[in-house]
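These notes concern the structure reproduced below.
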Amino acid sequence: MRERIMAVVGMAGILLAAGSGVADITIDTIPVGNAGNTGEWSGESYGGYGPNRICGAVDYDFNIGTYEVTAGEYTAFLTAVAGVDTYVLYNPNMSYGSGISRSGGGTVGNPYTYTVDPAFVHRPVNYVSWGDAARFTNWLTNGQGNGSTETGAYDLNGAMTDDDLLAVVVPSAAQRATWSTGAKSYFLLTSEDEWYKAAYHDSESEAYFDYPTSSNTAPGRDMAETINVGNNANYYTGSGANPIDSGKYTTVAGEFELSYSPYGTFDQGGNVWEWNESIVSGSYRGLRGGAFDNHVNNLHAAARAFNSPTYESYDIGFRVSEVPEPASIAVLALGSIGVLLRRQGSRR
């Protein structure tokens with residue numbers, strides 16, 4: 001099981017008070033190369049649902065979050081930018097959904113402070129809208145701390161309504177390709193193609209797996225991974241234990257440590273739905289991957305889900321992508337090779 005220590009953990013949780021000087025968070029990422037791969041059809045005519053679309057073709061190298069954004073990482077974000085919470089980045093339901101609590105007056109003189117329960121620090125954040133997730137990536141792009149949430153990869157300019165968030169221009173593939181050779185890293189929500197490629201694409205065969213556990217067989221739900229070794233996820237079956245982790249509906253990010261995607265990501269199937277940039281149907285932004293309360297068919301590559309960009313729910317979170325400077329790609333690629341070799345060794 002991985003460990004990511006972000007701050008001092010006490011019995012009362014992690015307190016990330018405004019102005020406390022807590023160190024920046026580090027988002028673990030995996031490089032996704034093989035630029036110029038072909039895509040494949042996904043949607044209702046291919047065994048899933050949602051409008052049909054060719055997904056997964058990406059013409060540039062990028063990095064993607066190894067894990068879903070966690071409650072601990074999102075708490076650091078709230079601490080840095082939501083002392084007043086102008087853009088309503090905190091949902092009170094997070095207190096039980098992902099263990100994030102808030103206190104204080106929400107004014108400049110008496111700002112909000114945020115605490116995350118130790119049991120949820122490494123579980124995915126939930127109750128986040130598409131706009132919340134986009135603001136998180138802008139904040140990362142702008143260096144964290146007091147960095148802007150309104151500019152970066154996305155010019156949000158105070159967008160709060162569904163109509164305004166749908167009007168936000170997402171960076172094109174050409175823009176991403178330009179950034180990939182530049183001197184600055186940009187963090188973004190994943191495009192649907194980035195998400196799909198990282199989840200399902202097999203670079204050796206140039207084919208696509210049906211499930212984001214490097215398998216064409218539906219995964220099991222074994223946290224110990226003694227059954228269906230390397231092919232397990234957190235989803236609902238209608239029988240057996242529910243939830244599967246001692247009363248917690250989400251599992252710790254990377255819990256299924258042998259069940260990784262072809263590029264080495266975790267939990268792209270199950271746990272929580274993940275926002276992406278696409279406008280899938282009319283006025284709805286895209287979601288991928290299924291969740292702990294969904295059946296296994298939602299983990300399938302053909303399933304294209306969507307909802308209003310202001311929608312927040314107990315089963316929705318997100319993952320980031322990054323288009324970095326070339327030096328970062330080289331370093332991360334070397335690191336990724338080592339990780340994958342270790343994982344392959346553990347499977348043997």
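All of the numbers you see were taken from the coordinates with simple rules; none came from a lab. In this text the structure is predicted, and so the values were computed from the model without any measurement. Counting neighbours? That spans all protein chains shown, and the Cβs are built from the backbone with ideal geometry, glycine included.
For Ala174 and Tyr96, the FRET efficiency from 1/(1 + (r/R0)^6), where r spans their Cβ atoms and R0 equals 41 Å, is about 0.45.
For the pair Ser103 and Ala119, the difference between a 0.36 nm per residue extended length and the Cα-Cα distance amounts to 3.8 nm.
Highest average first, the peptides 134-140, 254-260 ordered by how many other beta carbon atoms sit within 10 Å of their residues are 134-140, 254-260.
Compared with the alpha-carbon gap, the fully stretched path from Ala57 to Val88 is longer by 7.7 nm at 0.36 nm per residue.
Could you work out the local net charge near Asp210, counting Lys and Arg as +1, Asp and Glu as -1, over the other residues with Cβ closer than 15 Å to its Cβ? Here the charged neighbours net out to +1. Each Cα pair under 8 Å and six or more residues apart adds its sequence gap; the mean of these over the residue count of the chain is a relative contact order of 23 percent. Annotation: extensible slack from Glu206 through Ser148 equals 16.9 nm (criterion: 0.36 nm per residue apart, minus Cα-Cα distance).
Each peptide in 196-203, 111-118, 49-56 receives the mean, over its residues, of other Cβ atoms within 10 Å, and ordering these scores from highest gives 196-203, 111-118, 49-56.
Note that the chain shows a convex hull volume over its alpha carbon atoms of 129 Å³ per residue. Between Tyr46, Tyr211, Tyr235, the residue with the greatest mean-square fluctuation in the GNM of the chain (Cα pairs under 10 Å linked by springs) is Tyr46.
Could you work out [θ]222 nm for the chain from helices alone, using -39500 (n - 2.57) per DSSP H run of at least four and dividing by all its residues? Round to the nearest 500 deg cm²/dmol.
Estimated from H runs of four or more residues: -6000 deg cm²/dmol.
Close amide H partners of Ser313, meaning residues 5 or more places away or on another chain with modelled amide H under 5 Å apart, are Tyr127, Val128. Projecting the Cα positions of Thr107, Ala302, Ala71 onto the charge dipole of the chain (unit charges on Cβ atoms of Lys, Arg, Asp and Glu, taken about the Cα centre) puts Ala71 furthest along the positive direction. Once both labels are positioned 7 Å from their Cα atoms along Cα-to-Cβ, the gap between His295 and Trp41 label points is 2.3 nm.
For the range 211-234, the residues whose amide N sits under 12 Å from a probe point set 7 Å from the Cα of Glu257 along the beta carbon direction are 224-225.
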